[in-house]
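So the structure is just underneath, and the comments pick up after that.
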Amino acid sequence: MEIRSVGVVGAGQMGNGIAHVMALAGYDVLLTDVSQENLTRALELIDRNLERQVTRERITAEAKRAAMERIKTTLKLSDLGPCDLIIEAATERETVKQAIFEDLLPHLKPETILTSNTSSISITRLASRTDRPEKFMGFHFMNPVPVMQLVELIRGIATDEATFNACLQVVNKLGKTAASAEDFPAFIVNRILMPMINEAVYTLYEGVGSVISIDESMKLGANHPMGPLELADFIGLDTCLAIMNVLHDGLADTKYRPCPLLVKYVEAGWLGRKTERGFYDYRGESPVPTR
């Protein structure tokens, strides 16, 4: 099956990035969200990010114009029915994702491929709630989508080879690299990354090091581009906690127990950059550690 049109559900941080790269690669994109404000903000952000690529001579002004023309928006989920491929990029809550797929099903073409950008939730379980588990898989982009080169492709237990190959062709057309992952909690990247972040929070919680010393140690001692606490703020502490809970519940191993300090920050609503406070306070001219 040749994919020409892509529906993206959710105009947040991941959804607008997915729409950006899909349109730039030549796909017709229909972006939907529950909020017109979110859709307007997403288009403005895509326009700015494309302009940045033009300024850096990564793309031409003509490529930017063509990409923006390929992106349409709608508040009606049912409008995505005619799309060849749908990528769900809503909040990382299974009940929300299930409700989206249930609402979509009556409007889809029989051949439409359904995918989720979930970073940790079972693809097999999500697929089982649809009428096409063989045409369902995980399509996990890294953040920020226009910059990061990896896409995890996750087969559910029922995903057929034609669906996998169609999604692989899309990744190749985007100029990105696909990593094939099995459907186990958090897949590859987050199975490795999130416990490291959680351990960094434990290191802070137990007073082994300060926010600054932990981040500097990993940047200068392990050559990481960002410290783990800085990275947690960038990802969103609520997302980090959700993934740790998926690992802890799904694998039943105490080594995945979320750090109580991570839980406390989320309870306080200090979720990182998106709320302007997390392990750093972003409300001033430069970030300041909160502990």
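So here's what we get for this one:
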item	result
Rg over Rh, two decimals, region 125-260 (C-alpha only, Kirkwood Rh)	1.03
Which of 234, 279 has the fewest Cβ neighbours within 10 Å, and the rest in rising order	234, 279
P(r) weight above 21 Å for region 190-289, C-alpha pairs, percent	28 percent
Within the chain: Cβ-based charge dipole about Cα centre, in debye rounded to nearest 20 (Lys, Arg +1; Asp, Glu -1)	320 debye
Between region 233-286 and region 174-226, the Cα center-to-center distance that results, in Å	12 Å
Total formal charge among the other residues, if their Cβ is under 15 angstrom from that of residue 167, Lys/Arg +1 and Asp/Glu -1	-3
Within the chain, helix-based [θ] at 222 nm, where runs of 4 or more DSSP H residues each add -39,500 (n - 2.57), nearest 500	-14000 deg cm²/dmol
Cα-based shape type of region 5-181, given that a ≥ b ≥ c are square roots of the gyration tensor eigenvalues and the cut on a/c is 1.5	prolate
Kirkwood estimate for region 218-264, i.e. one over the average of 1/r between Cα atoms, Å	11.7 Å
Proximal lysines relative to residue 135, as straight alpha-carbon distance under 23 Å, when same-chain residues fewer than 8 apart are discounted	76, 97, 109, 173, 176
DSSP beta bridge pairing in region 5-181, given as percent antiparallel to the nearest 5	15 percent
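FYI, it's all coordinate maths here, none of it is from the lab. Predicted, not measured: the structure shown is a model, and the values here were computed from it. Backbone-built Cβ (ideal geometry, glycine too); neighbour counts: all protein chains shown.
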